[in-house]
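All remarks here apply to the structure that follows.
Derivation of every value follows stated rules applied to the coordinates shown; laboratory data play no part. For clarity, every value in this text was computed on a predicted model and none was experimentally measured.
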Amino acid sequence: MEIIPCFRGFEVVSPLNRRTTEVPIQHASWNQLSEGSVHFHCSTWGNTTNATSSTQGLALRITYKTTAKLRVQMNQESINLPIHALTKGSISGNLGPIDSPAYQSGLSLPSQYSRKVAFQLDSKCFEKCEYQWAYGRVRLKNGHWGVSSPIFLY
């Protein structure tokens, strides 16, 4: 098993919504307990906007048998996700009633993410921009999105 952190890191959700001097932040950390077990901890305060999720995540690269299950413990909920079901699409749910924390687990097969992409940016793209950087974003066949680190124009 290989662990690939997909954390957004510390992020202020909205200083305008803060209470007293507290600034809401997201936090995520993990450690590998054994060859087949990972402890992942995160705290997330709401969403930055209605269209921007404040998601924390973790990717695992695994070799599995068709009968394998991914056992996930979130708060007091324990969920067993059959790996073969994840090959058909993501599994998601809430940990309680509406507006409670939610989860989504998906599986990306090599055939879904093995693509080579090339693009070119020139300085004209940034002429009217306040910042001189961009993000690359790709959508996988299974509906998941991948976002790059910032691409700086020098």
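Below is a table of values for the structure above.
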read-out	value
Nonlocal amide H pairs with residue 69, under 5 Å, H built at 1.01 Å	83
Theoretical gain in end-to-end length, residue 139 to residue 68 [0.36 nm per residue, Cα-Cα removed]	22.9 nm
Extension gain, residue 148 back to residue 120 (0.36 nm per residue minus Cα-Cα distance, nm)	8.6 nm
Reach of residue 88 by Cα under 23 Å, taken over lysines that are not fewer than 8 positions away in the same chain	65, 69, 141
